[in-house]
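What follows is a set of notes on a single structure, which appears directly below.
Bear in mind that the values in this text are calculations on the coordinates, not laboratory data. Please read all numbers here as calculations on a predicted model, not as lab measurements. Here Cβ is always computed from backbone atoms with ideal geometry, including for glycine, and neighbour counts include all displayed protein chains.
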Amino acid sequence: MRKGAYMKNLLIYLLFLTSLTACAGASSGHEGCSLDGNLCIGMQIEEPILFGDSNIVAITVSSKININNLVIYLYSFPNAQIKNGNEWVEYGTSWQIDIEANQSQKFTKYFLLPEKDGFYDIISSANTPQLNAIYSLVIHQQLSGSVVHYANTPIPYTQGPLPTIGPELLETLQAVPTPTHRSTITPAPTKTSAPTSVAYPEPPTPPGEGPIVEPYP
């Protein structure tokens, strides 16, 4: 598998993992912790944010227990370039550490946002098969001055202009038949007159049980 495809799949997995744990994990200040609180990760962006230039993010990992082979991820959405060693990568970077209880570790990483205004999520996570700690922040980048929005702070998203519909698409939408309402079922008329009984012929009189006829005098 090519490196680019691998990193894309990794990013999708991490975004899915973020959606599962973002609401469940405890977070305070500039860090997020695992459900049991044993593992935490935090980030701090060095300000001011440089438009079109590399910026610094400080990552802190702490644990209440000894953990071996702890994997740290740093990625962004939409994609920013993150420095991995001596090269810039587009889909994030990862590294592995061993951490002792109550002995936090700090890392300095560099990232480069696209040269255009917008909102960019910077996400870090620390993971083992049993523990997951995630922390994310949002950078509102703009030429006039960028702002960092940490967790639990309101983000002033603004709605952009609505896209215009081209004439061909508009004709297609207008040609689509609109759904018709279901026909109303008319109830059967109610009979108001009494039902007419069918006349049947009287049964024949058995022999010897007919009327007595008096003989003529």
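With a ≥ b ≥ c the root eigenvalues of the C-alpha gyration tensor of segment 37-106, is it rounded (a/c under 1.5), prolate (a/b larger than b/c) or oblate?
On the way: a/c = 2.67, a/b = 1.82, b/c = 1.46.
Judged from the Cα gyration tensor, segment 37-106 comes out prolate (a/c at least 1.5, a/b above b/c).
Roughly what would the spin-label model give for E87 and N68, points 7 Å off Cα along C-beta, in nm?
3.0
Subtract the Cα-Cα distance of S144 and E115 from 0.36 nm times their separation in residues, and report this length gain in nm to one decimal. Display every interim value, and only then the final one.
Values: separation 29, 0.36 × 29 = 10.44 nm, distance 1.25 nm.
Gain on stretching S144 to E115: 9.2 nm.
Express in nm, to one decimal, how much length is gained between I155 and S104 on full extension, taking 0.36 nm for each residue of separation and deducting their alpha carbon distance. Mind dumping the intermediate values first?
Numbers: separation 51, 0.36 × 51 = 18.36 nm, distance 2.95 nm.
Here the answer is 15.4 nm.
What is the gain in length, in nm to one decimal, between Q130 and D36 on full extension, counting 0.36 nm per residue of separation less the C-alpha to C-alpha distance?
Details: separation 94, 0.36 × 94 = 33.84 nm, distance 1.05 nm.
Stretched out fully, the Q130 to D36 stretch lengthens by 32.8 nm.
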